[in-house]
Amino acid sequence: MRPRLLDLCCGQGGAAVGYHRAGFDVTGVDLALKRQPDGTYVDDKAIPARYPFEFIKADAFEVLADAEFMARFDAIHASWPCQAHSVASKYKGTAGRHKDLLTPGRAAMQAAGLPWVIENVPGAPMRADYLLCGCMFGLPGLRRERWFETSWHGFDLNMSHDHREPVITVAGHGPPSWVREGVSVPVTTADWRRAMKIDWMTRDGLAQAIPPAYTEWVGARLLEHLESEAAAA
Ligand SMILES: C[S@@+](CC[C@H](N)C(=O)[O-])C[C@H]1O[C@@H](n2cnc3c(N)ncnc32)[C@H](O)[C@@H]1O
C-alpha cells in the first residue's frame, strides 16, 4: 500500500504532484480564499478545480488538531504562506502586514506526532536541511530557490547553483518592474508552465507553487525515512 501524505496549504498542487510521483497517496488542505484589492476575501475556485488529488477546504491548524482525521496519514507536508518572509515583501516593506504561520505551524505539526516536511522561501525562520533550485533538476531557466526543513534533520550534499543561461522569474503577477523594463518579449503563463514543468495551473497557482521535481526528490528522502523508522520499530 502507498503511504498517505497530508499536503497542508496545498494551493493548486505543485508539491502534491511531486510527492505522488515519489510514491505517496496525497490529500490536500487549503483555505482556498483569494484576497481582493479592498482587503476582503472571496472563494478561490481555481484551487479545488485544479488540485489533482483529494481536496479538503479547511484551515490547516484545525485539521492538525483533529486526532481522528490525522490518523489517516503517515506524513505531513506544509507550504505555509511565505509573504511574511519573502524578499519581495521585505523589499516592498509589506512583510510586517503578514502573520508568521510557519513558526506556530511547525509546533502544530510536531504535536501531531508524524514525520513532516516544511517548505518555504530563503530567509524564512527555519533550518534549510535541503536547499533546492530549478537548476538542480533539469529546469535550467528556473531560478527558484526553496528551503525544506524536515522532522528527521535530513542532510544531503547538493550541487551548487548554475544559472549561466538567462533565467525566468515566476512570482507575483509577472516579473518585477526592474526586470520587466529590460525584457522585450512578455513572459507568458505558457513560459511559466514550461519553466516549472507544470501544465495544469493558472498564473496565480504557478506564482505560489513549487515545481513537482523538488518534492519528488524530497519525497524519496521521506520514504527512506519512513522505511528506516518501520525497520527500527
Ligand atoms: C505557497 S501557497 C502553496 C503552494 C503549493 N504548496 C504548491 O506547491 O502548489 C500557500 C497556500 O496556503 C494557503 N493557506 C494560507 N493559510 C492557510 C491556512 N491557515 N490553512 C490552510 N491553507 C492556508 C493559501 O490559500 C495558499 O494556497
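The values are calculated or read from the model by the stated rules, or taken from the named source; none is laboratory data. Note that the coordinates shown come from a computational prediction; the quantities given were computed from them, not determined experimentally. Note that each Cβ is placed from the backbone with ideal geometry, even for glycine, and that neighbours are counted across all protein chains shown.
Within the range 14-22, does at least one residue satisfy the condition of being closer than 27 Å to Arg221 by Cα, touching a His at 6+ places or on another chain (Cβ under 7 Å) and more than 8 Å from the ligand (Cβ to nearest atom)?
Applying the first criterion (closer than 27 Å to Arg221 by Cα) to the range 14-22 yields 14-22.
From what's left, touching a His at 6+ places or on another chain (Cβ under 7 Å): 15, 19.
Right, trim to more than 8 Å from the ligand (Cβ to nearest atom) and you get 19.
Within the range 14-22 (the criterion being closer than 27 Å to Arg221 by Cα, touching a His at 6+ places or on another chain (Cβ under 7 Å) and more than 8 Å from the ligand (Cβ to nearest atom)), the answer is yes, since at least one residue qualifies.
Can His163 be described as away from the ligand (no atom under 16 Å from the Cβ), at pLDDT 90 or above, assigned to a loop (DSSP other than H, G, I, E, B) and not hydrophobic (A, V, I, L, M, F, W, C)?
Working: away from the ligand (no atom under 16 Å from the Cβ): yes; at pLDDT 90 or above: no; assigned to a loop (DSSP other than H, G, I, E, B): yes; not hydrophobic (A, V, I, L, M, F, W, C): yes.
Here the answer is no, as His163 does not meet what is asked.
So which helices (runs of 4 or more DSSP H) stay within the range 1-86 end to end and still have 3 or more residues that are of a type in the set (Ser, Thr, Tyr)?
Numbers: elements: 14-22, 46-50, 60-64, 67-70.
Passing ranges: none, list empty.
Can you go through Asp59, Asp74 and tell me which one is within 18 Å of Cys10 (Cα to Cα), more than 12 Å from the ligand (Cβ to nearest atom) and of a type outside the set (Lys, Arg)?
Values: Asp59 fails: more than 12 Å from the ligand (Cβ to nearest atom).
None of the other options fit; the residue is Asp74.
Would a scan of the range 79-86 turn up a residue that is more than 8 Å from the ligand (Cβ to nearest atom) and free of Cβ contacts under 8 Å to residues at least 12 places away in the same chain? Write out each step before concluding.
At the first step, the residues of the range 79-86 found to be more than 8 Å from the ligand (Cβ to nearest atom) are 83-86.
Of the ones still in play, those that are also free of Cβ contacts under 8 Å to residues at least 12 places away in the same chain are none.
No, the conditions are met nowhere in the range 79-86.
Considering only residues that are within 13 Å of the ligand (Cβ to nearest atom) and either surrounded by fewer than 18 Cβ atoms within 10 Å (Cβ to Cβ) or at pLDDT below 95 (or both), which ones fall in the range 104-117?
Pro104, the sole residue that qualifies.
Please go through the range 23-43 and give me each residue that is closer than 20 Å to Ala112 by Cα and more than 8 Å from the ligand (Cβ to nearest atom), ordered by number.
Pass one, the range 23-43, residues closer than 20 Å to Ala112 by Cα: 24-31.
Correct list: Phe24, Asp25, Val26, Thr27, Gly28.
What number of residues within the range 25-40 are within 27 Å of Met70 (Cβ to Cβ) and either exposed (fewer than 12 other Cβ atoms within 10 Å of the Cβ) or in contact with a Cys (Cβ under 7 Å, 6 or more places away or on another chain) (or both)? Even if it seems obvious, please write down each step before you answer.
So the first thing to find is which residues in the range 25-40 are within 27 Å of Met70 (Cβ to Cβ), and the list is 25-33.
If we keep only those that are either exposed (fewer than 12 other Cβ atoms within 10 Å of the Cβ) or in contact with a Cys (Cβ under 7 Å, 6 or more places away or on another chain) (or both) too, we end up with 28-30.
The qualifying residues number 3.
What pairs can you find where one residue is in the range 98-125 and of a type in the set (Phe, Trp, Tyr), the other is not in a helix (DSSP H, G or I), and their Cβ atoms are less than 8 Å apart, with a gap of 6+ or different chains?
Close Cβ pairs (under 8 Å, with a partner that is not in a helix (DSSP H, G or I)) amount to Trp116/Ala75; Trp116/Ile76; Trp116/His77; Trp116/Ala78; Trp116/Thr150; Trp116/Ser151.
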